[in-house]
1. With the checklist (1) at pLDDT 95 or above; (2) surrounded by fewer than 18 Cβ atoms within 10 Å (Cβ to Cβ); (3) not assigned by TED's automatic domain parsing to the domain that holds Ala427 in hand, flag the one item Leu307 doesn't pass.
2. For region 407-449, what are the residues that are charged (D, E, K, R) and at pLDDT 90 or above?
3. Being closer than 21 Å to Asp114 by Cα and in contact with a Ser or Thr (Cβ under 6 Å, 6 or more places away or on another chain) is the filter here, so list the residues in region 56-72 that pass it.
4. Ala32 passes all but one of (1) closer than 30 Å to Pro412 by Cβ; (2) more than 19 Å from the chain's Cα centre (by Cα); (3) among the aliphatic types (A, V, I, L, M); which number fails?
5. In region 251-268, how many residues are surrounded by 13 or more Cβ atoms within 10 Å (Cβ to Cβ) and either touching a residue at least 40 places away in the same chain (Cβ under 8 Å) or in contact with a His (Cβ under 6 Å, 6 or more places away or on another chain) (or both)?
6. Going by the conditions given, is Ala52 in a loop (DSSP other than H, G, I, E, B) and either touching a Lys or Arg at 6+ places or on another chain (Cβ under 9 Å) or assigned by TED's automatic domain parsing to the domain that holds Ala396 (or both)?
7. Could you pull out the residue among Ala76, Ala3, Ala95, Ala69 that is modelled with pLDDT of 95 or more and aliphatic (A, V, I, L, M)?
8. Please give the strands (runs of 3 or more DSSP E) falling wholly within region 380-450 in which 3 or more residues are closer than 30 Å to Asn314 by Cβ.
Amino acid sequence: MDAIGKRALALDIPALTPGIDVGPEPTPFQRAQELAAEAWGAGRTWFLINGASQGNHAAALTLAHLGEAIVVQRNAHSSTIDGVILSGLRPTFVAPEIDPELGIAHCLTPEALDAALRDTDGVVGATAVSPTYFGAVADVRGLAEVAHAHDVPLVVDEAWGAHLAFHERLPEHALSAGADLVISSTHKIVGSLTQSAMLHVAREPVGIDPEVVDRAVTLVESTSPSSLLLGSLDAQRRYIAVQGRELLEEAIEAMAAIRAAVREVRGLDVLDERLVGRRGVHDYDPLRLAIDVRGTGATGYQVAPMLRELGDINLELFGENVMVAVFGMGERVAAQGARLVEALRRAVDQLHAAGPREHEAFAPPPPWGELAMGPREAFLGPQEVVPAERAVGRVAAESLAAYPPGVPNVLPGERLTAETLDYVQRALEQGGSLRGASDRKLRTVRVVAE
């Protein structure tokens, strides 16, 4: 009671309550979703209570009504792969652009999508990710044009871009750029309760039947949805529709000042609009703060714990060379940014590293293994558990996704390589976690039985 409050508990009502989601139509619940569709420019919107992951699952199940073959951006979130497994889709994976200097994955290009669609027989859809964890925004308009030229729908995982529709200084959002089905993690930037999200279908989608989407959403949602999660989606829809432009203007200006302050800290730089124009970077989201730590001589694995100790700063993502901080709409961005910058200064002052690494190339990501069989076949077929050191060369029966960002390093059906297993193990040793694995410490791996 003390933690949640009487008012919140009083609003924790069950589904099928007359006057809420039962009764003359449109019910208040239906009207709330209609207002969300109007706000984001969608033909129809669904409120989700299992995050954007539920949206990715529903998107895969929707495409499975059209056929089996799809094109999937290889660095998709692990929930997209889970959706492929659930739906039985047969994926053709297409690589995003890898930044030659930074060594991080950007977005999928229209040219790469076109080639993958041409090479995939019986393809019924394509999926892409935009924005990325690091703030890169894809040429969604170009991707949509390519997909539609092949008569297939484009699904965009826009989990990190729920705010893009509400300010002209932000990159064009996926629906307005021609995407047919868009997953929106509303809780990330817009501020609804954690685990709540939305799924939007375009007003004139290619190949997507909204009634099929509705079936798919229903299949992967609880029959006892949280009214608090659903209510928070409606509340934040109103918040961004009414005050979003003003709040985002403040956040954009504050973020520009924060990036400038970070660049003044010895050894630090930021990723920003200077990336635009590189392959796979059509635009950049200014609400992302990606910090390049190479010049300090330390790694993100070293700096991030120092920020927690020195300033109670918890980052969204950190790796060997880059750390990512996220600022939300309506947050006290300037004050929180100043706190972060001060903690960064103190951390850098305390570092006793060997010297700057700004001319040292980022460690290249390990190559993805060969897709030896379909993800669903591998996940559900005969399998065995082997020690990790004996898993090299075997076909994985589970995903291995170092988290964050939750992008699978290994997919069910891919052949395991020593480089990938070493990479994941190193991430665990540095403080990361592992999603998808039966053994979260990677002492053993579940593989397809031979």
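The values are calculated or read from the model by the stated rules, or taken from the named source; none is laboratory data. Only a predicted model underlies this, so the values are computations on that prediction, with no experimental measurement involved. Cβ coordinates were reconstructed from backbone atoms using ideal geometry, including for glycine residues, and neighbour counts include every protein chain displayed.
1. The one condition Leu307 does not meet is (2).
2. Glu414, Arg415, Glu419, Asp422, Asp439, Arg440, Lys441, Arg443, Arg446
3. At the first step, the residues of region 56-72 found to be closer than 21 Å to Asp114 by Cα are 59-60, 63-64, 66-72.
Hits for region 56-72 are Ala60, Ala64, Ala69, Val71, Val72.
4. (1)
5. Number of matching residues: 11.
6. So Ala52 fails the test.
7. Values: Ala76 fails: modelled with pLDDT of 95 or more; Ala3 fails: modelled with pLDDT of 95 or more; Ala95 fails: modelled with pLDDT of 95 or more.
Result of the check over Ala76, Ala3, Ala95, Ala69: Ala69.
8. 401-403, 433-435
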